[in-house]
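Just so you know, all these numbers are worked out from the coordinates, no wet-lab data involved. Small disclaimer: the values here were computed from a predicted structure and weren't measured. Because the Cβ atoms are built from the backbone with ideal geometry, glycine has one as well, and the counts that use them run over all protein chains shown.
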């Protein structure tokens, strides 16, 4: 992700989340947070999705993953998550964590498919409605195994 992508990313945020991140938040991530790793998904020259995380020591924390509404339901969110996991391993992460709304069964199913397991609840985590977040963790493969992480043959 580059600064030129931020306006499009904010538009995807607005389509995807009830508490979207602001343009300022993404600019801050790209310019001031040396733990931040963000990527975009491009289709025919258009940004249709993105994912982000922080890599700190041997852990990665997923911050955002979203796909433009017309492109949802085709496995693109899974592709973004797999790429985040691969990137996390390349940056030395051994584990990855994320929070997901307790009511978001679709996302939870994807995360479970990728090896994430529930580990706790953050009460009132979401500011829009005070919904709880489910905390999930996954053990990541070794550096030598990362190139084969969820190959197409494994799906």
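Annotations
- Flag for residue 115 being in contact with a helix residue (DSSP H, G or I) (Cβ under 9 Å, 6 or more places away or on another chain) and surrounded by fewer than 17 Cβ atoms within 10 Å (Cβ to Cβ): yes
- Look at (1) surrounded by fewer than 16 Cβ atoms within 10 Å (Cβ to Cβ); (2) more than 24 Å from residue 127 (Cβ to Cβ) and you find that residue 88 fails only one, number (1).
- Close pairs (7 angstrom Cβ cut-off, 6 or more residues apart or separate chains): in contact (Cβ under 8 Å) with a residue 24 or more places away in the chain and at positive phi in the range 98-125, assigned to a strand (DSSP E or B) and buried (at least 17 other Cβ atoms within 10 Å of the Cβ) anywhere: 115/138
- Residue check for residue 4: without any contact (Cβ under 8 Å) to a residue 12 or more places away in the chain and surrounded by fewer than 20 Cβ atoms within 10 Å (Cβ to Cβ): yes
- Selection within the range 126-148 - surrounded by 12 or more Cβ atoms within 10 Å (Cβ to Cβ) and touching a residue at least 40 places away in the same chain (Cβ under 8 Å): 126, 137, 138, 140, 141, 146
- In summary, residue 59 fulfils each of the numbered conditions (1) free of Cβ contacts under 8 Å to residues at least 60 places away in the same chain; (2) closer than 22 Å to residue 41 by Cα; (3) surrounded by 14 or more Cβ atoms within 10 Å (Cβ to Cβ) with the single exception of condition (2).
- Number of the exception - residue 78 against (1) more than 14 Å from the chain's Cα centre (by Cα); (2) closer than 19 Å to residue 93 by Cβ: (1)
- Qualifying residue in the range 27-50 (condition: in contact (Cβ under 8 Å) with a residue 24 or more places away in the chain, part of a loop (DSSP other than H, G, I, E, B), farther than 18 Å from residue 136 by Cβ and more than 11 Å from the chain's Cα centre (by Cα)): no
- Selected residue [more than 16 Å from residue 93 (Cβ to Cβ), surrounded by 13 or more Cβ atoms within 10 Å (Cβ to Cβ) and out of contact with any helix residue (DSSP H, G or I) (no Cβ under 9 Å at 6 or more places or on another chain)] from 66, 11: 11
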